[in-house]
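Every number in this text was worked out from the coordinates using simple rules, so none of it is lab data. Here the structure is a predicted model, which means the values were calculated and not measured. When we count neighbours, we look across all protein chains shown, and the Cβ atoms used for this are built from the backbone with ideal geometry, even at glycine.
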Amino acid sequence: MRWEQQIAIDRHGVGTYLASAPVDAPQQLKHLARIAEPAEIAAITTGDGYVFWAAGYLKDGLFRARPDGSSRRRLAKTGGRAFGIVLSGRYLYWIERNAIGRIDEAGARLRRRFIVLPKRSAGNLTGLTTDGRYLYFGDCGSDSIGRVGLNGRGFNAQLISSGPLSCPLDIAYTNGFLYWTAAGGFIGRATVSGSSVQHWLKVDHYGPVGLAADAQDVFWGWGRGGGAPPYVGRATAVGRILTFRFLRAAPPLAIATSETG
């Protein structure tokens with residue numbers, strides 16, 4: 001089994017490029033295709049032989065392409081900047097204002113407000129992930145992580161308290177655990193039931209921003225700011241840092257992992 005990193009990279013005003021690198025050979029980073037205007041990508045995910053991403057600012061929408069950048073198309077126009085995107089079964093889910101939208105991976109059966117969340121959450125919702133049963137979302141305004149079933153039932157606005165001023169921006173799931181990026185350079189972790197909450201890993205004084213996980217490892221990105229160079233870090237799922245500067249690149253805007261065989 002082989003895993004690859006799919007990375008949306010901002011090339012300094014030129015545009016946002018989809019890049020890919022084998023997890024076991026990050027030096028083989030390849031810029032595959034220009035997929036958006038500069039700094040447009042808010043989130044990416046992979047599945048069924050495609051890369052899906054949410055874009056904002058100049059061209060709001062949900063897009064998909066093959067990993068080599070071919071067969072690119074817009075699946076739907078969104079009503080503003082979308083945050084978080086995840087594929088579960090045949091459906092894509094994303095966060096837009098105070099709602100979670102849903103569309104099938106071919107671009108049909110669009111429901112922009114499939115799950116309507118409390119108005120107090122408007123503008124505060126960020127990351128989104130799934131364990132195949134529930135959707136989990138970050139709420140920067142309440143420093144918490146909420147949960148709702150894929151069918152829209154079982155809503156829990158504050159399944160996990162991520163800590164004061166933590167502002168969970170991105171979320172990933174693997175092996176029964178949720179991971180999230182927290183202000184102050186931490187990655188948090190808890191079980192999907194909301195127990196064993198902890199500041200799991202201190203990774204940097206700045207960031208992290210993007211977050212992804214596969215069956216063995218957790219990856220995080222830092223794009224810019226504070227004088228810190230852009231990078232993608234890697235750690236085992238038990239918290240041992242394998243490579244702190246796993247992948248040096250132009251600023252990563254979003255990261256995901258994909259199984260390649």
What is the packing order of peptides 182-193, 106-117, taking the mean over residues of other C-beta atoms within 10 Å and listing the highest first? 182-193, 106-117
In nm, spacing of pseudo-spin labels at D24 and R66 (7 Å Cα→C-beta vector): 2.5 nm
Counting sequence-distant residues (5 or more places) and residues on other chains, those with an amide H built under 5 Å from that of L242 are R234, A235, T236
Between A215 and F155, what is the label-to-label distance in nm when each label sits 7 Å out along the Cα-to-Cβ direction? 3.6 nm
Along the Cα→Cβ direction, 7 angstrom out, place labels at R133 and T191. What is the inter-label distance in nm? 1.2 nm
Please find the FRET efficiency linking A106 to N175, where r is the Cβ-Cβ separation and R0 is fixed at 45 Å, and quote it to the nearest 0.05. 0.90
